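Participant: Next up is a structure, given as structure tokens.
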Amino acid sequence: MRKKIVVGNWKMNKTVAEASELASAILGHLGNGTFLCEIGIAPAFPALTEVGKVIGSSDIRLAAQNCHYEDDGAYTGEVSVRMLESLGCAYVIIGHSERRQYFGETNQTVNLRVRKALAEGMQVIMCVGETLEEREGGITDKIVTEQVREGLKDVGDLGGIVLAYEPVWAIGTGKTATPEQAEEVHASIRATISDMFGEQAAGNLRIQYGGSVKPSNAVELFAMPNIDGGLIGGASLKAEDFVAIVKAAG
Ligand code: PGA
């Protein structure tokens, strides 16, 4: 049985003080309950240290929103995996559609980042998903399959990988994929993984759904057989909503 995983992607929101406050509020809402799912939060780089201190040794894991594929060097504005490790990050999100859309990320650069993070022992959340135009053009499956195949090219072991299926048209739009629409793509991704890495690896791989997940739709999304939790944007900026979504995952 796959352990569900719910991660809050805070994107470019919150100053260091605000981020610490939000992390404290999340801890407060989680209380002493035990949760069956894994929980992560991904503040912007400047807040990682302080948020890491706030979550301490709790059940919440620290995640980063991106990493570079070199160890160090002349890459102004970039952050290496080793730097993230030194801040206590357990996960790094790679290939988010906003990185692809606004910052020129391609399946090839996603693949370089994924392989680097895995080589350094960091766990990866690799994002895939089609645009509205691609969905309407009937090529969702082709696009997502390519993203999965190229993003995971030459990856030997899937142990450190979580995938996130995030239809671009559902991100930040309030328009969620229906559980059936999401499940269809998740099942297809798992079939691709089975073809690439074998049935057992595909059975163990966790595939999150992302795109306007809210407390009101999380339960039905997470109930689908191939949906193993969520990557949460907007709703993760409200402690109460994020914790409600965590609870929906068990
Ligand atoms: P959203 O973002 O929940 O605000 O749609 C999801 C994401 O981008 O990971």
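The values are calculated or read from the model by the stated rules, or taken from the named source; none is laboratory data. Since this is a predicted model, take the numbers as computed values, not measurements. Cβ placement follows ideal geometry from the backbone for every residue including glycine, while neighbour counts extend to all protein chains displayed.
Participant: Leu22 versus (1) more than 16 Å from the ligand (Cβ to nearest atom); (2) more than 17 Å from the chain's Cα centre (by Cα); (3) closer than 18 Å to Phe242 by Cβ: which is the lone unmet condition?
Facilitator: The failed condition is (1).
Participant: Residues that are crowded, with 24+ Cβ neighbours inside 10 Å and within 16 Å of the ligand (Cβ to nearest atom): find the helices (runs of 4 or more DSSP H) completely inside region 191-250 holding 1 or more of those.
Facilitator: Result: 215-222, 239-248.
Participant: Here is a follow-up. Kindly indicate whether any position in region 37-58 is farther than 27 Å from Asn226 by Cβ and touching a Phe, Trp or Tyr at 6+ places or on another chain (Cβ under 7 Å).
Facilitator: yes
Participant: All but one of (1) over 24 Å from Arg99 (Cβ atoms); (2) within 15 Å of the ligand (Cβ to nearest atom); (3) not small (Gly, Ala, Ser) hold for Glu166; state the number of the condition that does not hold.
Facilitator: (1)
Participant: What pairs come out if I take residues in region 188-203 that are more than 20 Å from Asp141 (Cβ to Cβ) and pair them with residues that are among the aliphatic types (A, V, I, L, M) and surrounded by 15 or more Cβ atoms within 10 Å (Cβ to Cβ) whose C-beta lies under 8 Å away, six or more apart or interchain?
Facilitator: Ala201/Leu158; Ala201/Ile193
Participant: Could I ask something else about it? For Ala42, indicate whether it is farther than 30 Å from Ala201 by Cα and surrounded by 16 or more Cβ atoms within 10 Å (Cβ to Cβ).
Facilitator: no
Participant: Still on this structure, please answer the following. Considering every residue within region 54-71, establish whether at least one is within 14 Å of the ligand (Cβ to nearest atom), touching a helix residue (DSSP H, G or I) at 6+ places or on another chain (Cβ under 8 Å) and acidic (Asp, Glu). Even if it seems obvious, please write down each step before you answer.
Facilitator: Step one: filter region 54-71 for residues within 14 Å of the ligand (Cβ to nearest atom), giving 63-66.
Filter once more, so that each one left must be touching a helix residue (DSSP H, G or I) at 6+ places or on another chain (Cβ under 8 Å): 64-66.
Next, only the ones that are acidic (Asp, Glu) stay: none.
Within region 54-71, not a single residue is within 14 Å of the ligand (Cβ to nearest atom), touching a helix residue (DSSP H, G or I) at 6+ places or on another chain (Cβ under 8 Å) and acidic (Asp, Glu).
Participant: Could you tell me which residue of region 24-79 is modelled with the highest pLDDT, considering only residues that are over 24 Å from Arg113 (Cα atoms) and acidic (Asp, Glu)?
Facilitator: This residue is Glu50.
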